[in-house]
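Participant: Take this structure, written in structure tokens, and hold onto it; I'll ask about it next.
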Amino acid sequence: MYAGNLLLMLLHFMLKLEEWSLINLLLLLTMNNLAGKKQNDELSYFKKTVGSELQVLHKQFVYGGILTEAEFWATRKKLLDQNDSRRPKQRLALKNEMWTVKPLSDGQTNRVTFNLTPEIIHQIFAEKPAVRQAYLNFVPNKMTEKEFWTKYSRAEYLHSTKNVVAAAAEAAEDEELAVFLKRDDMLANEARRKIRRVDPTVDMEADEGDDYIHLPDRGLLQDEAKDVLDSQYEPYRRSFSQDLNQHAAVVLQGRLVDVELGDTRTVAEALIRTKQAELSDEISNRNLERKLSDRISRITEIEDLQGPRDPAVAPLSIKDPRDYFDSQQPNALKALGDTGSGTKSFRSRVSPREAYGSLRDIVSDIRVMGLSEPIMNQEVALKVLNGLTQNISSTKLHLGNNPHESVLDRLPKVTKEELMHHWTSVQELLKHFWSSYPITTKYLYAKVTRLKDAMSQVYPKLQEIKESVQSDFRHQVSLLVHPMLQALDAAFAYYDADVQKRSGKSGERPNGSV
Amino acid sequence: MKFQIEDVTVYFPYDNIYPEQYSYMVELKRALDAKGHCLLEMPTGTGKTIALLSLITSYVLSKPSNPVKLLYCTRTVHEMEKTLAELRFLHNYQVKHLGPSARILALGLSSRKNLCVNPSVISAENRDSVDAACRKLTASWVRAMAIENPNIPTCEFFENYEKAASDAVLPPGVYTLQDLRAFGKEKGWCPYFLARHMVQFANVVVYSYQYLLDPKVAGIISKEMQRESVVVFDEAHNIDNVCIEALSVSVRMQTLEGATRNLNRMSQEIERLKATDAGRLRAEYNRLVEGLAQRGNLPITDTWFSNPTLPEDILKEAVPGNIRRAEHFVSVLRRLVQYFKGRLQTENVEKEGPVTFVASINAQVGIDQKMLRFCYDRLHSLMLTLEITDTDEFLHIQTICDLATLVGTYARGFSIIIEPFDERMPHIPDPVLQLCCHDASLAIKPVFERFQSVVITSGTLSPIDLYPRLLNFNPVVSRSFTMSLTRDCICPMVLTRGSDQLPVSTKYDLRSDPGVEKNYGKLLVEMVSVVPDGIVCFFVSYSYMDGIVNSWHESGILKEIMQHKLVFIETQDVVETTLALDNYRRACDCGRGAVFFSVARGKVAEGIDFDRHYGRLVIMFGVPFQYTLSRILLARLEYLRETFQIREGDFLTFDALRQAAQCVGRVIRSKADYGMMIFADKRYSRHDKRSKLPGWILSHLRDAHLNLSTDMAVHIAREFLRRMAQPYDKTGAMGKKTLLSQEDLEKMANGAGEMLF
């Protein structure tokens, strides 16, 4: 069973590529609201759109009568479900794109159209806390959602015309509109709070405190022309630079809320909650100053004048340890597998005590006689060395010029495709084969038999490929075919053992035996 | 490491040293030995600051009989913090190797705004209101009243500090502003006054230029520094501008209105005082008869800005009789304000010298030169007598008196310019009267005279012979060092054309050409996709930057840039710019990558480093010339031509190129660092412009990189970045050594003067 499990894992690993295309498919499905329909629909949909590979497999096994339709899809379904539940959904970053009012005018009337999506609304709420607050205050008591966004778009449109005086005039008439037109006080407050935490080496605000030249009316006038505005218009002035900085800051911070973007109100509330959490974090974070000064002293050192130091070791952090180790195991097995399928035969019944005793004897022997004997058999060592050298030199000869090219690319196209096809079909068969164990029902037994027959047909085909290729590729091809044969061998060995066990246990010969 | 330079043992906190750092120290030591001034140019990214600090501290350690004090001047507070951090690193090393005898006291000094720990004071918005809020709690008469009436608030930190009296000292060590605040909070002492007090005893003081150059501040803070001090002006390429700004004043309509309000309030106060406490006014009158020499006896909290002119220019004589009485003085000021109002009514631009201006004041409102000269001190005395604490309200009248005193004192090197409107916006009336100083040597002269050694150093001081002329001094050492590079870690390029082969420039006729804007945009779009981490862009002015960014936004170029990197931008609001910079750094740290748009001559260009991954590429869009139609600039150019025989064109190019060099020089910090610099303007390819760049940039500017188009520049950038990613030998094994160890230095000393360059 142990070997079987490992093999399953190996298969699982190899199947990952396939899964991806399936996930994409499923996404497509959900988006088209087809998910709830019957399986038949799905199947036909799959058949229509699935890549050629799956189609070929399907044709080969389902139409070939080796697997039933349900069996073929069942294994895939399971993989898909498991996948979905195990991995958390990836969090998407915010799009680094500014929403600007690009009015779509039809050119005939004075009507202007804007497009707002939940994504854009989320962005607006994140970048403009005043709008968020206004939404919570106004909707739905004072106005409907639609009215709110119409008003907001109107304010944005006024800003885009850069006519401060007009904006002020409009704001004077409509106090709700004024909320959008005025400068965002919440942002200003936040800035004042944040400025205390910035890195002192970039803190230009502190310079203001030391600048005795740039008092009002002192020093030379700067060349920059400042447009003078009446103080009543001052709160309505807004610059594009400000928006740009705010946008970039929000994108940098990333998506803070993890809610469905559909409902505007929940988005706004969630954003407020995260802001509050941030605030309380800051208050509790007392050793910030310490951290900052550490940081400064670290970066003031000139690194290349410093003598060599121990390399800084970054701690390895594995998000999902199971994922990591699971994928490592098959690799290890593969490496072991090269020694032949006889892993089992090495297992002997030695108790720990005996093993310890013999080990101690060996050690004492060495202490007495020294390390006269070679640790390894010379012949074996030579064989391995020769094998390796040959292998390396031959692959080097072919692959030396281009590291990106794989062995497969060098093969003739027909051979390559054939090999790929066999690889996937062997995978498919093995997957079904191993998933049928332990055999509990007649049905499973019949399935295993069918599969075994199909598998036994693969052998001659592989042999055929090996012989068909030119001699310079033969070695490469046999290297490629080798793991497939091994996997099949393991399956057959298991099958035989199982059959014997069964016959020994019950004495009853199952019908349809070989 | 530890090594000898002649008779001085230098303690250097690293295991290796760059050869140019060593030579820098040798030259600096010669200047200190000669007790003279020096001018040293060394490229950025070669560890100037640490070389300078370790030589001077080691010099003092080697000669304990001659304790030299170091006054280290930085331009900004964050540079102050950086310098102190380096000094702390050095100090720890020296204490480790020499024991407690190497202990020194080093501290940074800044204004109340940056040092105050009293929460009720620090909440005020700007520096002046913090100062005023502090005075309201600590002025001597407030404290005197508080003793009688416990309801009058005082500052507990200051009271504790006063109570501790002579016990209130800082133990030896290196204190940044943050450390001072923390120490003050812990002890309950006011860090500002503690620092002001400790400055006299400290071995190293790090503070802003203005504490030495601006006579108003220097008169209070720096007057007690001994002659045996070494003054260092770091990043001093702009020192002439700081000097002339320190002595320039401008007056607008708002100033005059504010001054009138101030005068009204003062009249009321005088009336009130006459009724309640006439004795105080009489006492003041008597004091004034004896002269104004009483300043030295003022309690530390009552000092305010001192006279805007230079110490030796203040006459040691009694205040003229006609402004001794408070009400007379106020009416003199009223007449003066009235006169200025009249001058601002003008329709045309007027320009005159101080002498004619004073003569015209005398003729029209009957205030002579001597009265003008005493205005500032007289005002100061009056405000003390009236016990005015909200000094931030009285800035306007202070400005007027400032101007009067300067005009009454100096007959040369200044001019008065009255403009009825801004040249660029003739339809908006905005009259302004400016007193501008043209002679940088005026402000810095007392520094050269008072202190035995003044070191002026920066990454860009080219051409190095111009500075002694501008500042009017004779350096004993004047040298420019090149950079020995292990590999070509800087890559300057001159881009003259866009991909469409049309020239790019910010010259006036091409500036708003949409083709140029597009080509500039395309250059950036290409670069953001090639260069990792941070990119910095400098534009010639705020208005140009706003214009081009808006047009990029409209044409969709900005959107393309945003697909690769985040975009941050410098604005005239300092708080916002600081936050943008902080976010920019964070974006570079986390690998997201960002672009920072900034302005040459702006605050960011002046003091922020974009070293390592914070800046792999800097693009200078255009040549940052000053606005050449400005009257102030024209007047200054005329003065320079007449006095120093410096041609206008030469000065303008020199000034523009030093700004450009300053901008691009911010990308590199050490030899392990690397960065590219693109000068995007066709004018840079001309020899007369290019040759004004500092030597360390020129030596890496290959002929093949002098006339590039966008696609060629992108190609070069790709190649360069690939090359920089390779591992290399830090010690520079082939040919020249670029990293010296202690052994190397010892060998050199024995080998007797084997020159490195």
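Participant: Using helices alone, what [θ] at 222 nm do you get for chain B, with -39,500 (n - 2.57) per DSSP H run of 4 or more residues, divided over all residues and rounded to the nearest 500?
Facilitator: Numbers: 32 runs with 365 residues, N = 757.
When only DSSP H runs of four or more count, the value is -15000 deg cm²/dmol.
Participant: How much of the calculated P(r) for segment B:433-549 lies past 19 Å, in percent of all Cα pairs?
Facilitator: Roughly 68 percent, rounded to a whole number.
Participant: Have a look at the DSSP beta bridges in chain B and tell me what percent are antiparallel, nearest 5.
Facilitator: Around 25 percent of the beta bridges assigned by DSSP in chain B are antiparallel ones.
Participant: Check which residues have an amide H placed less than 5 Å from B:VAL599's amide H, if you skip close sequence neighbours.
Facilitator: B:PHE539, B:VAL604, B:ALA605
Participant: Follow-up question, since we're still on this one. Give me the summed buried accessible area for the A-B pair, 1.4 Å probe, to the nearest 100 Å².
Facilitator: Roughly 7400 Å².
Participant: Let me know the longest stretch in chain B that avoids all GluC sites (Glu not before Pro) found in a DSSP loop with at most 14 other C-beta atoms within 10 Å.
Facilitator: B:424-753
Participant: Which parts of segment B:1-18, residue by residue, lose 20 Å² or more of accessible area when the rest of the protein chains are there, as against the chain isolated (1.4 Å probe)?
Facilitator: With the partner chains in place, segment B:1-18 has these residues losing at least 20 Å²: B:TYR14, B:ASP15, B:ASN16, B:TYR18.
Participant: Between 0 and 90 degrees, rounded to the nearest ten: what's the tilt of helix B:369-385 against the longest Cα principal axis of chain B?
Facilitator: Tilt relative to chain B: about 80 degrees.
Participant: Once you've got the Cα coordinates, tell me which of B:LYS69/B:LYS730; B:LYS35/B:LYS63; A:LYS128/A:LYS194; B:LYS35/B:LYS445 are over 25 Å apart. Don't jump to the answer; show the numbers that get you there.
Facilitator: Numbers: B:LYS69/B:LYS730 36 Å; B:LYS35/B:LYS63 14 Å; A:LYS128/A:LYS194 16 Å; B:LYS35/B:LYS445 17 Å.
From B:LYS69/B:LYS730; B:LYS35/B:LYS63; A:LYS128/A:LYS194; B:LYS35/B:LYS445, over 25 Å: B:LYS69/B:LYS730.
Participant: Taking 28 Å as the cut-off for C-alpha to C-alpha distance, list the pairs among A:LYS146/A:LYS182; B:LYS113/B:LYS351; B:LYS223/B:LYS341; B:LYS522/B:LYS689; A:LYS151/B:LYS603; B:LYS351/B:LYS603 that go past it. Present the calculation step by step, with values, prior to reporting the outcome.
Facilitator: Working: A:LYS146/A:LYS182 21 Å; B:LYS113/B:LYS351 38 Å; B:LYS223/B:LYS341 36 Å; B:LYS522/B:LYS689 25 Å; A:LYS151/B:LYS603 38 Å; B:LYS351/B:LYS603 30 Å.
Table pairs above 28 Å Cα-Cα are B:LYS113/B:LYS351; B:LYS223/B:LYS341; A:LYS151/B:LYS603; B:LYS351/B:LYS603.
Participant: Can you list residues from other chains, or at least 5 along the same chain, whose modelled amide H is less than 5 Å from the amide H of B:CYS489?
Facilitator: Here the answer is none, since no amide H 5 or more places off falls under 5 Å of that of B:CYS489.
Participant: Tell me the per residue accessible area of segment B:490-725 using a 1.4 Å probe; a whole number in Å² is fine.
Facilitator: 33 Å²
Participant: Apply the Debye scattering formula to segment B:1-148, with a single equal point scatterer on each alpha-carbon and no solvent, then give log10 I(q)/I(0) at q = 0.19 Å⁻¹.
Facilitator: Taking Cα atoms of segment B:1-148 as identical point scatterers yields -1.12.
Participant: If N is the number of residues in segment B:490-725, what value comes out of its Cα radius of gyration divided by 2.2 N^0.38 Å?
Facilitator: 0.98
Participant: Please turn the phi angles of segment A:419-432 into ³J(HN,Hα) values with the Karplus equation 6.51 cos²θ - 1.76 cosθ + 1.60 (θ = phi - 60°), one per residue in order, whole Hz, x for glycine and proline.
Facilitator: 4, 4, 4, 5, 4, 5, 6, 4, 4, 4, 4, 5, 4, 5
Participant: Run the simple label-point estimate for B:VAL349 and A:ASP365 please: 7 Å along Cα→C-beta, distance reported in nm.
Facilitator: Between B:VAL349 and A:ASP365, the simple spin-label model gives 10.5 nm.
Participant: Filter the chymotrypsin sites (Phe, Trp or Tyr not before Pro) in segment B:444-526 down to the DSSP loop ones having no more than 16 other Cβ atoms within 10 Å, then list what survives.
Facilitator: Details: sites: B:PHE448, B:PHE451, B:PHE473, B:PHE481, B:TYR508, B:TYR520; in loops: B:PHE451, B:PHE473, B:PHE481, B:TYR508.
Sparse-neighbourhood loop chymotrypsin sites (Phe, Trp or Tyr not before Pro): B:TYR508.
Participant: Can you compute 3J(HN,Hα) from phi for each residue in segment B:609-622, using the Karplus curve 6.51 cos²θ - 1.76 cosθ + 1.60 with θ = phi - 60°, rounded to whole Hz and x for Gly and Pro?
Facilitator: 8, 10, 7, 6, 6, 6, x, 8, 8, 10, 10, 9, 7, x
Participant: Here's another thing I want to ask about it. Going through the cross-link list B:LYS82/B:LYS216; A:LYS416/A:LYS447; B:LYS507/B:LYS682; B:LYS2/B:LYS747; A:LYS416/A:LYS452, which pairs have a Cα-Cα distance over 20 Å in this structure?
Facilitator: Too far apart for the 20 Å limit: B:LYS82/B:LYS216; A:LYS416/A:LYS447; A:LYS416/A:LYS452.
Participant: Quick one: what Rg and Dmax do you get for segment B:632-730 from the alpha carbons, in Å?
Facilitator: Rg then Dmax for segment B:632-730, in Å: 17.2, 55.
Participant: At a Förster distance of 45 Å, what's the computed FRET efficiency of A:ASP453 paired with B:GLN726, Cβ-Cβ distance as r, to 0.05? Walk me through the numbers on the way to the answer.
Facilitator: Working: r = 58 Å, r/R0 = 1.29.
About 0.20, to the nearest 0.05.
Participant: Same structure again: Roughly how many nanometres apart are two label points built 7 Å out from the Cα toward the Cβ at A:ALA93 and B:ASP277?
Facilitator: It works out to 6.5 nm between the two label points.
Participant: Here is a follow-up. Residue-wise, which Karplus ³J(HN,Hα) couplings in Hz belong to segment A:481-486, taking 6.51 cos²θ - 1.76 cosθ + 1.60, θ = phi - 60°, and x for glycine or proline?
Facilitator: In residue order, the calculated couplings are 6, 3, x, 5, 4, 4 Hz.
Participant: I've got another one for you. For chain B, what log10 I(q)/I(0) values come out of the Debye formula at q = 0.09, 0.10 1/Å, with one point per alpha carbon and no solvent?
Facilitator: Summing over Cα pairs of chain B leads to -0.94, -1.15.
The values are calculated or read from the model by the stated rules, or taken from the named source; none is laboratory data. This structure is a prediction, so every number in the text was calculated from the model and none was measured. Neighbour counts run over all protein chains shown; Cβ positions are idealised from the backbone, glycine included. Note: accessible area is taken over every heavy atom of the protein model, side chains too, but ligands, DNA and RNA are not part of it. Shrake-Rupley method; radii C 1.70, N 1.55, O 1.52, S 1.80 Å.
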